[in-house]
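Some notes on the structure that comes next.
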């Protein structure tokens, strides 16, 4: 009545051989299928490499054009480029002070930030936009003033 091995009835054999086996498939086995798959993978990878090269060339050309435009601007505006460099150096010092105040506030209020979301949101609202804008301005000034001779220090 009861099956002495109930687990064996759950498993059956499945025949995974091809339904129409020809003489060549029996001789070569699955080697041909593997070779075809490997060729397809190789073709796809070659195409992917071509696309990556195109992308690199496109981005490189854009970067090169931007550098040329920037160099032309600097040649046309040498004084302004020097002023940008000086302003970037000054704002960099301001940024350091700002970061110092911001990190001090973080250390002083770490427990409050962890306990409640309101104070963390207040902190981000107060420091976040100013930091983002300051970074943006510094980036522009640094790019426009890069490779310009350093401004002379005033004689004392």
Checked the stretch 75-88 for anything surrounded by 10 or more Cβ atoms within 10 Å (Cβ to Cβ) and free of Cβ contacts under 8 Å to residues at least 12 places away in the same chain; matches are 77
Looking at (1) within 20 Å of residue 71 (Cα to Cα); (2) part of a helix (DSSP H, G or I); (3) within 28 Å of the chain's Cα centre (by Cα), which is the only condition residue 81 fails? (3)
Those residues of the stretch 120-156 which are within 30 Å of the chain's Cα centre (by Cα), at pLDDT below 90 and loosely packed, with under 12 Cβ neighbours inside 10 Å amount to 147
Do we have residue 117 as out of contact with any helix residue (DSSP H, G or I) (no Cβ under 6 Å at 6 or more places or on another chain), assigned by TED's automatic domain parsing to the domain that holds residue 84 and modelled with pLDDT under 90 here? yes
Is it true that residue 47 is modelled with pLDDT of 95 or more and either within 23 Å of residue 140 (Cα to Cα) or surrounded by fewer than 11 Cβ atoms within 10 Å (Cβ to Cβ) (or both)? yes
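The values are calculated or read from the model by the stated rules, or taken from the named source; none is laboratory data. Model, not experiment: these values are computed from the prediction. Virtual Cβ from ideal backbone geometry, glycine too; neighbours counted across all protein chains shown.
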